[in-house]
Structures are given as structure tokens and as C-alpha cells.
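Asks: For reference, the structure I am asking about is given below.
The values are calculated or read from the model by the stated rules, or taken from the named source; none is laboratory data. Computed from a predicted model, the values in this text were never measured in an experiment. Cβ placement follows ideal geometry from the backbone for every residue including glycine, while neighbour counts extend to all protein chains displayed. SASA here: full protein model, heavy atoms, side chains in, ligands and nucleic acids out. Shrake-Rupley method; radii C 1.70, N 1.55, O 1.52, S 1.80 Å.
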Amino acid sequence: MKIAVVGTGYVGLVTGTCFAETGNTVTCVDVDKVKVDKLSAGEITIYEPGLEKLFLRNQKEGRLKFTQSLSDAIKDSEIIFLALPTPPGEDGAADLKYILGVAHELGKLIKPTDYKVIIDKSTVPVGTAERVRLAILKSGLEVIPSNGGEDLAGAFDVVSNPEFLREGVAVDDFMKPDRVVIGTTSERAIKIMNDLYAPFVRQGNPVIFMDENSAELTKYAANAFLAVKISFMNEIAQMCERLGADVDMVRKGIGSDERIGKRFLFPGIGYGGSCFPKDVQALAKSADDVNYDFKILDAVMEVNDKQKTHLIPKIKKYFDGNLKGKHFALWGLAFKPNTDDVREAPAFYIIDALLAEAATVTVFDPEAMANTKNIFGDKIVYATNQYEALKNADALIIATEWNEFRTPNFEKIISELHNKAIFDGRNLFDPAQMEKSGFHYESVGRKTITQHKNQS
Ligand code: NAD
């Protein structure tokens with residue numbers, strides 16, 4: 001099949017590459033010239049485990065191409081994916097300007113004799129498929145004389161196909177999805193979507209067909225539910241700290257109940273990334289728009305906002321309420337491990353809070369240094385490895401649970417840090433072990449190991 005993917009970011013590049021991997025011919029379009037030039041030259045633009053190998057192979061075999069021209073990309077493609085940004089607008093609702101802008105362009109390019117399936121992969125509010133359909137029809141009318149007097153009704157279908165991939169394991173998630181959700185009632189589109197996804201669901205995972213509105217809401221419901229789990233566990237962690245319980249034990253105790261499940265029960269310094277914060281906010285705004293008071297979502301957002309700086313009062317207390325002139329090493333910048341994505345990264349809230357207290361910070365992340373430099377510039381210092389970041393630091397802060405931080409060389413940490421103090425936002429280490437090693441160690445929802453700091 002011939003496929004166009006409009007928008008070549010995290011979702012678009014993974015989508016395009018994985019469809020090429022199953023034998024389709026894919027053209028990815030992006031307005032970002034630098035991105036298109038790099039990708040065309042064989043240079044991958046995001047860090048995503050396993051993606052580069054597939055990207056290079058499919059590009060070499062001529063099944064994966066990149067262009068800035070929407071018209072070239074869709075000319076021969078029956079299938080057009082929209083993987084465009086849907087950032088929050090000022091009121092918190094998903095801003096549809098990218099999606100509707102491309103829909104408008106498509107209306108001018110599609111011919112009445114075509115049949116194209118336009119598939120929305122972006123996360124969009126209920127009603128967007130219909131808005132895209134109307135936008136295409138409307139701009140189609142603007143070119144009706146050159147279309148032989150015909151409108152575009154019948155020349156396309158709009159399908160909602162929300163994406164559930166997780167950054168860090170995106171290739172696996174795309175190649176072997178738990179489920180594929182497809183919102184359309186068009187028989188013609190159903191057949192095409194079934195054929196397209198058949199190679200990905202050979203193990204029997206379901207392709208669930210439904211109407212467009214339900215598919216659009218399914219994506220928000222999924223992300224909001226996961227955010228609820230995270231904020232709930234963060235509140236349980238707060239209770240543990242106050243009541244002298246251990247959140248790790250509570251997590252294991254409840255996670256073994258099949259109705260609850262083991263995943264997404266780890267407390268920490270809040271959820272971040274390009275999806276959960278904006279999607280929870282957008283669902284809350286959708287609720288508002290239909291006069292529904294979605295109480296749980298408001299609480300989830302409030303808990304998460306507080307959790308992002310959960311470590312700051314602990315750090316301040318350790319330093320007798322004054323961080324001025326203190327220097328911190330910070331490990332982990334990406335919003336989660338195995339990605340270079342720093343959008344809404346909790347680490348950034350910690351850095352902002354430390355800078356606001358007139359402290360200084362040296363950071364290290366295995367993949368997210370370049371993206372961080374684009375945001376903080378020379379306000380912070382960038383180390384070339386995790387141990388270099390420790391030099392002259394008064395304490396270590398951990399903000400992302402990269403595997404390479406899990407069993408560090410503690411001797412080296414001790415020799416570099418001014419105080420043997422670690423503030424761990426991801427619960428990487430065993431408090432008992434930290435006590436034995438003489439660290440002051442504070443994590444989330446677990447016992448604080450108290451050691452005196454050096455006088456300075
Ligand atoms: P992204 O910002 O990484 O990529 C979007 C791309 O679209 C950018 O490269 C941008 O240059 C391009 N673009 C903007 N306007 C364009 C236009 N007119 N024509 C062509 N290209 C254009 O975004 P993303 O993370 O890939 O997310 C895309 C959508 O998928 C969002 O709605 C997001 O919520 C959703 N989603 C994201 C993830 C994720 O993990 N990142 C997972 C599931 C769903």
C-alpha cells in the first residue's frame with residue numbers, strides 16, 4: 001500500500017517506519033526543513049530504541065521517503081495519516097490549528113475521482129474527525145471549477161485511529177500493539193484499515209472498530225486513567241511518609257491483586273512528557289465544555305503539579321532552609337528513561353526551583369542533553385557523564401530512572417560529593433543499603449535516612 005504520513009515527529013516517524021517495515025511504501029511529510037533534510041540524509045532525528053535500524057533499512061530499500069511537499073506525498077497515496085501536534089491552547093483545550101490547517105490543504109489537493117482514507121493519529125477531542133471532514137469539503141469547494149465542477153463528497157473518508165505507543169518502547173508498541181482502535185463506520189475504510197494492520201495483530205490482539213467519537217474519547221480515557229493511577233500512588237506515597245509506611249510494600253501488596261495490576265503503580269516526582277499533562281488538561285476542558293464537572297481530573301492535575309517539586313522542601317530542610325550558593329548534581333532530564341524527550345519533564349521543574357533559590361546545577365542525562373541545552377542554555381552546567389556531574393556538588397538529585405543510574409559506583413559518589421546526600425525522585429536505591437553506606441537518603445514514600453551534613 002502507498003501511505004503518506006503528515007508530521008514526522010515521535011509518532012509520525014515511528015508510524016512511517018513501522019508501516020514501511022511491513023512492506024508498504026511510505027512518504028513522510030514535515031514542514032521542518034532541517035528535519036526533512038536530516039532524515040533524507042539518513043540521520044535519525046529522535047532517540048527511540050530499535051528505530052534507527054528499521055529507519056535505515058527501509059530508507060535504503062526505497063520504502064521510506066521524506067519530503068516537505070504535501071502534494072507530492074499524497075499524490076499516489078490512498079492512505080494519509082495525520083501525526084500532527086495537538087498542543088494545549090490558552091484555555092487548555094487541544095489546539096487543532098495544525099490538523100485543520102492540513103485538512104484545508106488536503107481539500108485543495110484531493111480530486112473528486114480519488115478515494116483516500118485520512119486517518120487521524122494525533123490525540124484529538126471528540127468531534128475532530130467530523131471537523132476534518134468538513135474542513136476538507138469546504139476547501140474542496142474553493143477549487144471546484146478546477147475539479148470539473150464536482151465536490152469531494154465520496155472522494156475520502158476520515159478515520160480516527162488514536163496511537164497508544166509509549167516513547168522508549170515505541171517500536172515494540174507499534175509492531176505488537178495491545179490493541180488497535182479504529183473509529184469509522186465506512187465499510188470501504190474498514191476494509192483498508194483491516195488490511196493495513198493485519199501484519200501487526202497476527203498474534204490475535206484485537207482491532208476494535210467503533211464510531212469516530214468513541215475512538216477519540218478512548219485515547220483521552222486511556223491517558224487520563226493512567227494519570228489517575230500515578231497521582232493516586234503519589235498520594236499514597238505522601239501518606240506513607242506521614243504514617244511511617246513503605247510505599248514499595250504497599251505497591252506490591254496492591255499490585256498483586258489482578259483487578260489493580262502491577263503496572264503504573266510506582267510513585268515518583270509526577271508524570272510529564274508530551275501526552276499526559278496536555279491530554280488530562282484537554283479532557284478536563286472537554287468536560288467543561290459539556291458542563292460536566294470531572295472532579296477526578298482536577299485532583300489528578302493538582303496532585304501532579306505538587307509532586308513535581310516534592311523533593312524541594314526535603315532538600316531545603318536538609319540545608320537549613322537556605323539553598324543560596326549550594327551546588328547540585330542532577331541525574332536524569334528526560335521525562336522518562338529511554339527517550340530524549342524533555343517536554344514537561346519533572347527534572348525541569350526541579351531545576352527551575354533550584355535556580356529560583358539561587359542554587360547552581362550540573363546535569364547529566366544519557367540522551368536528553370541537547371534538548372535540555374536548547375531550553376536552559378548557559379543557566380546550568382552540562383556534564384559529559386554521570387560522575388563528572390558530581391564534582392563539587394553539595395548533594396545529588398535523581399529525576400529520571402535510567403537503568404545506568406540504578407547500580408552506580410557509590411564509592412565514586414562519596415568521593416565527589418561534598419555531603420553524602422542523595423534526593424531520589426525515582427526510588428532507585430534500597431534505603432537500608434543507603435543507611436549502611438552512610439548516606440543521607442530521601443526518596444518518595446519511604447523511610448528517610450538521616451545523616452548530618454558537613455559544615456560549610
Ligand atoms: P511532535 O511534535 O514530535 O511531531 C509533530 C511533527 O509535525 C513535527 O515534526 C512538526 O514539524 C510537524 N508539523 C507541524 N505542522 C505540520 C504541517 N502543517 N505539515 C507537516 N508537518 C507538520 O509530536 P508527536 O509527539 O509525534 O505527537 C503527535 C500527536 O500524536 C499529538 O497529538 C500527540 O498527542 C499524539 N501522541 C503522541 C505520543 C508520544 O508519545 N509522543 C503518543 C501517542 C499519541
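Asks: Cβ-Cβ below 8 Å, separation at least six or inter-chain, first residue in region 201-218 and under 18 Å from S122 (Cβ atoms) and in contact (Cβ under 8 Å) with a residue 60 or more places away in the chain, second outside any loop (DSSP other than H, G, I, E, B) and open to solvent by 40 Å² or more (accessible area, probe 1.4 Å): which pairs?
Replies: E212/E130
Asks: I'd like the full set of residues that are open to solvent by less than 10 Å² (accessible area, probe 1.4 Å), under 15 Å from V171 (Cβ atoms) and near the ligand (Cβ under 10 Å from one of its atoms), limited to region 6-24.
Replies: If the condition is that a residue be open to solvent by less than 10 Å² (accessible area, probe 1.4 Å), under 15 Å from V171 (Cβ atoms) and near the ligand (Cβ under 10 Å from one of its atoms), then G12, L13, V14, T15 are the ones that fit.
Asks: I want to confirm something. Restricting to region 73-90 and keeping residues that are part of a loop (DSSP other than H, G, I, E, B) and more than 9 Å from the ligand (Cβ to nearest atom), which single residue is surrounded by the most Cβ atoms within 10 Å (Cβ to Cβ)?
Replies: First, the residues of region 73-90 that are part of a loop (DSSP other than H, G, I, E, B): 76-78, 83-87, 89-90.
With the extra rule that they be more than 9 Å from the ligand (Cβ to nearest atom), the set shrinks to 76-78, 89-90.
Working: D76: 10, S77: 21, E78: 16, G89: 15, E90: 6.
So, considering only residues that are part of a loop (DSSP other than H, G, I, E, B) and more than 9 Å from the ligand (Cβ to nearest atom), the one surrounded by the most Cβ atoms within 10 Å (Cβ to Cβ) is S77.
Asks: Output the residues belonging to region 100-109 that are more than 8 Å from the ligand (Cβ to nearest atom) and crowded, with 20+ Cβ neighbours inside 10 Å.
Replies: Start the filter on region 100-109 by keeping residues that are more than 8 Å from the ligand (Cβ to nearest atom), which leaves 100, 103-104, 106-109.
Those that are more than 8 Å from the ligand (Cβ to nearest atom) and crowded, with 20+ Cβ neighbours inside 10 Å: A103, L106, G107.
Asks: Restricting attention to region 146-167, which residues are within 36 Å of the chain's Cα centre (by Cα) and crowded, with 18+ Cβ neighbours inside 10 Å?
Replies: Of everything in region 146-167, those that are within 36 Å of the chain's Cα centre (by Cα) and crowded, with 18+ Cβ neighbours inside 10 Å turn out to be L152, A155, F156, D157, V158, V159, S160, N161, P162, E163, L165, E167.
Asks: Can I ask one more? Spot the failing condition for Y349; the list is (1) farther than 26 Å from S231 by Cβ; (2) open to solvent by 50 Å² or more (accessible area, probe 1.4 Å); (3) not charged (D, E, K, R), and only one is missed.
Replies: All conditions are met except number (1).
Asks: Return a yes/no flag: does region 228-241 have any residue that is of a type in the set (S, T, Y), surrounded by 20 or more Cβ atoms within 10 Å (Cβ to Cβ), modelled with pLDDT under 95 and within 30 Å of N371 (Cα to Cα). I'd like the intermediate steps shown before the answer.
Replies: From region 228-241, those of a type in the set (S, T, Y) are 231; that's our starting set.
After this cut, where a residue has to be surrounded by 20 or more Cβ atoms within 10 Å (Cβ to Cβ) as well, the list is 231.
Retained after the next criterion (residues that are modelled with pLDDT under 95): none.
No - not one qualifying residue is present in region 228-241.
Asks: So, L196, is that one on the phi < 0 side of the Ramachandran plot, open to solvent by less than 60 Å² (accessible area, probe 1.4 Å), in a loop (DSSP other than H, G, I, E, B) and assigned by TED's automatic domain parsing to the domain that holds I110 or not? Give the steps one after another, and end with the answer.
Replies: Numbers: on the phi < 0 side of the Ramachandran plot: yes; open to solvent by less than 60 Å² (accessible area, probe 1.4 Å): yes; in a loop (DSSP other than H, G, I, E, B): no; assigned by TED's automatic domain parsing to the domain that holds I110: yes.
It is false that L196 is on the phi < 0 side of the Ramachandran plot, open to solvent by less than 60 Å² (accessible area, probe 1.4 Å), in a loop (DSSP other than H, G, I, E, B) and assigned by TED's automatic domain parsing to the domain that holds I110.
Asks: So, R179, is that one touching a strand residue (DSSP E or B) at 6+ places or on another chain (Cβ under 7 Å), more than 20 Å from T15 (Cα to Cα) and of a type outside the set (A, V, I, L, M, F, W, C) or not? Even if it seems obvious, please write down each step before you answer.
Replies: Numbers: touching a strand residue (DSSP E or B) at 6+ places or on another chain (Cβ under 7 Å): yes; more than 20 Å from T15 (Cα to Cα): no; of a type outside the set (A, V, I, L, M, F, W, C): yes.
Criteria not met by R179.
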